[in-house]
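Chemist: Sharing a structure here in structure tokens format.
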Amino acid sequence: MSIAHGFRTVGVLGAGQMGLGIAYVASLRAKVPVLVVDRSQAQIQKSLSLMDKLLAKDVSKGKITEQDAQAARARITIVPENEGINGLKDVDLVVEAASENVGLKTSLFESLSATLRPDAILATNTSSISITKMAAAAIPKGETAASEKGKASAGRVVGLHFFNPVPVMKLVELIPGLQTSEETLERARAFAIACGKG
């Protein structure tokens, strides 16, 4: 499937309010399959229920058709609990939307870097934690920031801060770290635009 923005599959890590909103716009606006990971099955169910309500509301207001809503909902897949981050190994882009905790986020970026393909973009929805610090966490064990593998891995990290509520707000803040490559920035920008953000 050839899509203008170039992403065949997107992962969202965290099914809270922000993760849900990001999955919603990626599925509905960018029309890309979305894999969602969260440790809490209760949170996943709550988010899916809210997504169904948001889609129904858009249909009732005439913003989208029933077919659009069904197609968007069908593009959302919940990664089984026993797979966790491993269920994202083949995505083109992952957007991390976990709690604003430095230790948690750097740990997640270590895991994402080790699990996802080397060309996958690792984005964070943070607005307060250093993207440079997150990129440093993505450098593989045994590599340095100066090694080719270290530079490449850190270069694929970017801040993609969606504003809340994501389905309504038109803004996305694109935040590079010191290591973020120009290609990563351009690909992240293309994804944000495809999601209807400016």
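The values are calculated or read from the model by the stated rules, or taken from the named source; none is laboratory data. What you see is a predicted model, and the numbers here were worked out from it, not measured in a lab. Every residue, glycine among them, receives a Cβ derived from its backbone with ideal geometry; neighbour counts consider all protein chains shown. Just so you know, the surface numbers come from the protein's heavy atoms only, side chains and all, with ligands and any DNA or RNA stripped out. Shrake-Rupley method; radii C 1.70, N 1.55, O 1.52, S 1.80 Å.
Chemist: Would a scan of region 13-28 turn up a residue that is over 14 Å from E96 (Cβ atoms), touching a helix residue (DSSP H, G or I) at 6+ places or on another chain (Cβ under 9 Å) and in a loop (DSSP other than H, G, I, E, B)?
Modeler: The answer is no, given that none of the residues of region 13-28 is over 14 Å from E96 (Cβ atoms), touching a helix residue (DSSP H, G or I) at 6+ places or on another chain (Cβ under 9 Å) and in a loop (DSSP other than H, G, I, E, B).
Chemist: Among T144, T106, which is of a type in the set (S, T, Y), surrounded by 13 or more Cβ atoms within 10 Å (Cβ to Cβ) and either in contact with a Lys or Arg (Cβ under 6 Å, 6 or more places away or on another chain) or free of Cβ contacts under 8 Å to residues at least 40 places away in the same chain (or both)? Working first, answer last.
Modeler: Values: T144 fails: surrounded by 13 or more Cβ atoms within 10 Å (Cβ to Cβ).
The conditions single out T106.
Chemist: Which of the residues spanning region 29-57 are of a type outside the set (G, A, S), open to solvent by less than 40 Å² (accessible area, probe 1.4 Å) and in a helix (DSSP H, G or I)?
Modeler: Correct list: I44, L48, M51, L55.
Chemist: So, of the residues in region 163-185 that are among the aliphatic types (A, V, I, L, M) and not in a strand (DSSP E or B), which turns out to be farthest from the chain's Cα centre (by Cα)?
Modeler: To start, the set of residues in region 163-185 that are among the aliphatic types (A, V, I, L, M) comprises 166, 168-169, 171-172, 174-175, 178, 185.
Restricting the remaining residues to those that are not in a strand (DSSP E or B) gives 166, 168-169, 171, 178, 185.
Details: V166: 12, V168: 17, M169: 17, L171: 15, L178: 20, L185: 14 Å.
Checked region 163-185; the qualifying residue farthest from the chain's Cα centre (by Cα) is L178.
Chemist: It is to be established whether one or more residues within region 91-102 are within 30 Å of K63 (Cα to Cα), open to solvent by 20 Å² or more (accessible area, probe 1.4 Å) and not in a loop (DSSP other than H, G, I, E, B).
Modeler: The answer is no, given that none of the residues of region 91-102 is within 30 Å of K63 (Cα to Cα), open to solvent by 20 Å² or more (accessible area, probe 1.4 Å) and not in a loop (DSSP other than H, G, I, E, B).
Chemist: Right, here's the next one. Only residues that are open to solvent by 50 Å² or more (accessible area, probe 1.4 Å) and in contact with a Gly (Cβ under 8 Å, 6 or more places away or on another chain): list them for region 58-90, please.
Modeler: Answer for region 58-90, where residues must be open to solvent by 50 Å² or more (accessible area, probe 1.4 Å) and in contact with a Gly (Cβ under 8 Å, 6 or more places away or on another chain): just P80.
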